[in-house]
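Trainee: Structure in structure tokens, see below.
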Amino acid sequence: MKKCVVFLLVILFYPHFSKAQTEEAEQLLLDVQKLSQLKQMLADLKKGYEIIYKGYSTIKNISEGNFNLHQLFLDGLLQVSPAVRNYKKVADIISLQLKIVLEYKSAFKQFKENGKFTPDEIDYMGKVYSNLFDQSVNNLETLTMIVTSGTLRMSDDERLKQIDALCEDMADKLTFLRHFNNQTSILALQRTKDENQIKLAKKIYGPK
């Protein structure tokens with residue numbers, strides 16, 4: 001721009017310049033204009049680059065932001081809320097486990113001591129009780145993971161559903177145990193009855 005002004009001043013104040021000099025000055029003006037256009041193109045390119053870079057950075061930041069939010073969500077699933085820890089069925093499961101242990105130990109002790117069952121039958125009972133106990137302990141271990149922070153990535157709803165399922169399963173195990181004990185007790189009573197009938201028969205129809 002400054003060179004353009006200088007050229008105009010030269011034309012105005014030095015009209016005696018030769019034609020060749022004038023042409024050189026005009027060429028210089030054209031070169032200056034081209035240079036100015038080139039500088040404008042470079043400025044436009046720089047501006048475009050800055051826009052593109054800014055857009056890329058924004059997208060990158062948003063992407064990282066989404067990842068961070070996603071990670072926070074996943075980490076949040078590792079945390080157990082008081083609503084889950086204080087859920088009534090958590091205590092119910094523990095209570096059911098206690099009943100299973102107490103009832104099977106009491107029944108097994110009684111069956112071993114009443115003398116109505118063979119060693120093989122006692123061994124079979126022991127396997128049934130042991131298997132039932134192991135399964136109930138597995139349920140307690142699962143419950144512990146569900147209600148402990150930092151172990152499982154689950155929402156509160158998922159945790160509550162799992163607790164419901166565990167509670168139902170424990171209740172089924174207690175029902176099975178009571179049915180098994182009841183049937184075994186009936187068998188013991190039947191054998192006792194049979195023995196008493198045999199003794200009575202011997203007493204009545206004993207050797208003459």
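Rule-based calculations on the coordinates, nothing more; no lab input. Small disclaimer: the values here were computed from a predicted structure and weren't measured. All Cβ positions, even for glycine, are placed from backbone atoms using ideal geometry, and neighbour counts span all protein chains on display.
Trainee: What is the Cα centroid distance between segment 83-106 and segment 108-178, reported in whole angstrom?
Mentor: 10
Trainee: If you take the beta carbon distance between K105 and S155 as r and set R0 to 35 Å, what does 1/(1 + (r/R0)^6) give as a FRET efficiency, to the nearest 0.05?
Mentor: Calculated transfer efficiency: 0.40.
Trainee: At 7 Å along Cα-to-Cβ for each site, give me the label-to-label distance between K202 and E168 in nm.
Mentor: 5.3
Trainee: On the principal axes of its Cα set, how long, how wide and how thick is segment 79-208? Give whole Å, largest value first.
Mentor: 82, 22, 16
Trainee: Within segment 156-208, how many lysine pairs that are 8 or more places apart, or on different chains, have C-alpha atoms less than 21 Å apart?
Mentor: For segment 156-208, qualifying lysine pairs total 4.
Trainee: Within 10 Å, count the other beta carbons around each residue, average over each peptide in 114-124, 136-146, and list them highest first.
Mentor: Working: 114-124: 11.9, 136-146: 16.3.
Per-residue mean Cβ counts within 10 Å order the peptides as 136-146, 114-124.
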